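The values are calculated or read from the model by the stated rules, or taken from the named source; none is laboratory data. Computed from a prediction, not measured in an experiment: that's the story for all the values here. Glycine also receives a Cβ, built like all others from the backbone with ideal geometry; neighbour counts cover every protein chain displayed. Surface accessibility is based on the protein's heavy atoms, side chains included, excluding ligands, DNA and RNA. Shrake-Rupley method; radii C 1.70, N 1.55, O 1.52, S 1.80 Å.
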Amino acid sequence: MPLAGRIAAITDTYSALTSNRLYSKALNKDEAIEIMLHDKEKFDPNILDYFVTKITAGGEEREELI
């Protein structure tokens with residue numbers, strides 16, 4: 001799978017888990033990450049590790065992600 005697709009798989013899943021849907025309420029950041037890590041075999045491990053590190057980072061590091 002191309003790099004863009006592997007990145008999109010992670011960001012789309014995170015967005016879906018942390019957004020209100022007709023069929024479910026949004027999860028908080030920690031709940032979403034926990035689910036993604038539980039199903040980590042579905043994602044590129046290096047990209048997932050980087051994503052989780054950036055999402056859970058505090059302060060200035062998080063601002064760089066945006």
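In the context of the full protein assembly, residue 6 retains an accessible surface of approximately 80 Å², using a probe radius of 1.4 Å and ignoring ligands and nucleic acids. Only alpha carbons enter this Debye calculation for the chain, each as an equal point scatterer, and the log10 of I(q)/I(0) it gives at q = 0.14, 0.17, 0.23 Å⁻¹ is -0.42, -0.62, -1.06. Ignoring lysines fewer than eight residues from residue 54 along the same chain, the ones with Cα atoms less than 17 angstrom from its Cα are 29, 40. With runs of 4+ DSSP H residues as the only contributors, calculate the mean residue ellipticity of the chain at 222 nm using -39,500 (n - 2.57) per run, divided by the residue total and rounded to the nearest 500. When only DSSP H runs of four or more count, the value is -19500 deg cm²/dmol.
Toward the positive end of the charge dipole of the chain, with +1 on the Cβ of Lys and Arg and -1 on the Cβ of Asp and Glu, the farthest Cα among 2, 50, 24 is that of 24. Across the chain, the relative contact order, built from alpha-carbon pairs under 8 Å that are at least six residues apart, equals 26 percent.
Expressed as a whole percentage, what fraction of the accessible surface of the chain belongs to carbon and sulfur atoms when a 1.4 Å probe is rolled over the protein heavy atoms? In the chain, the share of accessible area belonging to carbon and sulfur is 55 percent.
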